[in-house]
2 protein chains.
Amino acid sequence: MKVFLVHAHPEPRSFTAAMKDHAIQTLTHAGHEVRVSDLCAMRFKASLDADDFPAAADPAFFKAQAEQMKAHETGALAADILAEQEKLFWSDVLLLQFPLWWSSVPAILKGWVDRVFTMGRVYGGGRWFSDGALRGRRAMCALTTGGPEGIYGSRGRNGSLDKVLFHVQHGMLAFVGYEVLPPFVAWSAARVGDDGRARYLGAYRERLLTLDTTPPIPFHPLEHFDEKLQLKAEFPGEV
Amino acid sequence: MKVFLVHAHPEPRSFTAAMKDHAIQTLTHAGHEVRVSDLCAMRFKASLDADDFPAAADPAFFKAQAEQMKAHETGALAADILAEQEKLFWSDVLLLQFPLWWSSVPAILKGWVDRVFTMGRVYGGGRWFSDGALRGRRAMCALTTGGPEGIYGSRGRNGSLDKVLFHVQHGMLAFVGYEVLPPFVAWSAARVGDDGRARYLGAYRERLLTLDTTPPIPFHPLEHFDEKLQLKAEFPGEV
């Protein structure tokens, strides 16, 4: 497998960084190819704005999607965006490695999605979800949390982790076509001691070595929806 | 009322910006005080990192929460963070005005939360949710979407907007103590024409003039949870 690991933690000696190093070592040792974007070390630009498009289609009115489309067609996407897209389309698996901050990814990783998932290249023209540009590939979140597992249950104080991460796993990853694997979570990583963290690395290793066989989260494919993009009656429950 | 409007759109002539201007005018005309942070115009720093803490407690190992605590205690928080916190604690109502990008806020607004909601000042020490530092205040998201309302229903292709925004409304706003009002949404703002957008501004005006009387989203207060932070049996359903 070709694995693209996107890492978003500002401290290179953090446990999130240790998980990243462990993933690189484990996957490489198992014969897979790994490429890494360490967003904080790269000082990756977080904000999608007109500065990304010096040869703007409309310098007087910045419309992100229109500029993305034009820049893709004319080969004028910013070099740092193109470099990320090259890794995205090279890889079979995308790993997002981050600490859960405010029930979401750190801003620099949200900015990576805002800037790299460009209209014209990664979505648009009716390509989305199971018809998305990255269909046939897999993605997984690997994260640390401050709180323990119980408060991320469906009746726990913070709400279920599935619900918390819905915007990432469904709204970002499934949207562009990925099959999304259940997240790997190091709960309360800062509070479990060195032994606890060592156990997390061992458990993470198992998940890394089964990326190609782990069943994905069963999000509904497009054919489960009617022409008004509503779930067909035969499928119960919510999206 | 004192209203703090945080605006996150890179184009000053966008409809999101028009909503911001409409909110300032409507609220001011009704006798309320309004202060605004236009994050893109301010070129607000989006990434929480060691650069925020030049007088670091531990220059060799960046721990965001520990640095935030120490900087708060010693008055060493970065000037741009302090300025935002001053507006936060000045205001009765926080309005977040943004385009929905990838089922979430633009990265610059996520970075505003990452950097401004500091441990020690905005959360921590057991103060959270209905005991949070901003309890007694109200917050509301006002957003534009690309897609129409139907695809954000509970059986629609993108999932319910409640579920999409759970990480913002519950994980960020309710977490620090806000009573969160139902969002105001300008669906498919780019596709409804000038008449449609004028109608949205009229509907937004009604919401702005009833910020103090609109019933908040009924998230569970802390007393609904047991000592393990699980919903007590008498409360059905999920968090």
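Taking the stretch A:160-174 as the range and being assigned to a loop (DSSP other than H, G, I, E, B) and buried (at least 24 other Cβ atoms within 10 Å of the Cβ) as the test, only A:LEU165 passes. You will find that of A:LEU134, A:LEU143, the residue that is out of contact with any helix residue (DSSP H, G or I) (no Cβ under 6 Å at 6 or more places or on another chain) and within 27 Å of B:ALA46 (Cα to Cα) is A:LEU143 and no other.
Return only the number of the condition from (1) away from every other protein chain (no Cβ under 12 Å); (2) under 13 Å from the mean Cα position of the chain (by Cα); (3) not in a loop (DSSP other than H, G, I, E, B); (4) not hydrophobic (A, V, I, L, M, F, W, C) that A:GLY111 does not satisfy. Exception for A:GLY111: condition (1). Of the residues making up the stretch B:119-144, just one is away from chain A (no Cβ under 12 Å) and of a type in the set (S, T, N, Q), namely B:THR144. Only a single item in (1) outside any loop (DSSP other than H, G, I, E, B); (2) surrounded by fewer than 21 Cβ atoms within 10 Å (Cβ to Cβ); (3) free of Cβ contacts under 8 Å to residues at least 24 places away in the same chain is not met by A:ILE151, and it is number (2).
Of all the residues in the stretch A:175-189, those that are small (Gly, Ala, Ser) and either in a helix (DSSP H, G or I) or open to solvent by 30 Å² or more (accessible area, probe 1.4 Å) (or both) number 1. Of the listed requirements (1) touching a residue at least 60 places away in the same chain (Cβ under 8 Å); (2) charged (D, E, K, R); (3) in contact with a strand residue (DSSP E or B) (Cβ under 7 Å, 6 or more places away or on another chain), A:ARG205 misses just one: (3).
The residue of the stretch A:25-51 that is least open to solvent (accessible area, probe 1.4 Å), among those that are under 25 Å from B:LYS110 (Cα atoms) and hydroxyl-bearing (Ser, Thr, Tyr), is A:SER37. Of all the listed residues (A:PHE61, A:PHE15), the sole one being closer than 26 Å to B:ALA56 by Cα and of a type in the set (Phe, Trp, Tyr) is A:PHE15. For the stretch B:211-225, filtered to residues that are in a loop (DSSP other than H, G, I, E, B) and at the interface with chain A (Cβ under 10 Å from one of its Cβ atoms), the residue that is most open to solvent (accessible area, probe 1.4 Å) is B:PHE219. In the set (1) touching a His at 6+ places or on another chain (Cβ under 8 Å); (2) closer than 21 Å to B:ALA190 by Cβ, B:PHE15 fails one condition alone, (1). So which residues in the stretch B:52-86 are among the charged types (D, E, K, R), more than 9 Å from chain A (Cβ to nearest Cβ) and either part of a loop (DSSP other than H, G, I, E, B) or surrounded by fewer than 18 Cβ atoms within 10 Å (Cβ to Cβ) (or both)? Those that are among the charged types (D, E, K, R), more than 9 Å from chain A (Cβ to nearest Cβ) and either part of a loop (DSSP other than H, G, I, E, B) or surrounded by fewer than 18 Cβ atoms within 10 Å (Cβ to Cβ) (or both): B:ASP58, B:GLU73, B:ASP80, B:GLU86.
Yes or no: the stretch B:188-210 includes at least one residue that is in contact with a Lys or Arg (Cβ under 9 Å, 6 or more places away or on another chain), among the acidic types (Asp, Glu) and away from chain A (no Cβ under 12 Å). No, the stretch B:188-210 contains no residue that is in contact with a Lys or Arg (Cβ under 9 Å, 6 or more places away or on another chain), among the acidic types (Asp, Glu) and away from chain A (no Cβ under 12 Å).
A quick yes/no check of all residues on (1) hydrophobic (A, V, I, L, M, F, W, C); (2) free of Cβ contacts under 8 Å to residues at least 12 places away in the same chain; (3) touching an Asp or Glu at 6+ places or on another chain (Cβ under 7 Å):
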{"position": "A:THR28", "(1), (2), (3)": "no, yes, no"}
{"position": "A:ASP38", "(1), (2), (3)": "no, no, no"}
{"position": "A:ALA46", "(1), (2), (3)": "yes, no, no"}
{"position": "A:ASP51", "(1), (2), (3)": "no, yes, no"}
{"position": "A:ALA60", "(1), (2), (3)": "yes, yes, no"}
{"position": "A:GLN68", "(1), (2), (3)": "no, no, no"}
{"position": "A:LEU82", "(1), (2), (3)": "yes, yes, no"}
{"position": "A:GLU86", "(1), (2), (3)": "no, yes, no"}
{"position": "A:ASP92", "(1), (2), (3)": "no, no, no"}
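In the condition set (1) without any contact (Cβ under 8 Å) to a residue 60 or more places away in the chain; (2) among the acidic types (Asp, Glu); (3) under 14 Å from B:MET140 (Cα atoms), B:ASP226 is compliant with all but (3).
The values are calculated or read from the model by the stated rules, or taken from the named source; none is laboratory data. Remember, it's a predicted structure, so these values are computed and weren't measured experimentally. Cβ sites come from the backbone with ideal geometry, for glycine too, and all protein chains shown count toward neighbours. Surface accessibility is based on the protein's heavy atoms, side chains included, excluding ligands, DNA and RNA. Shrake-Rupley method; radii C 1.70, N 1.55, O 1.52, S 1.80 Å.
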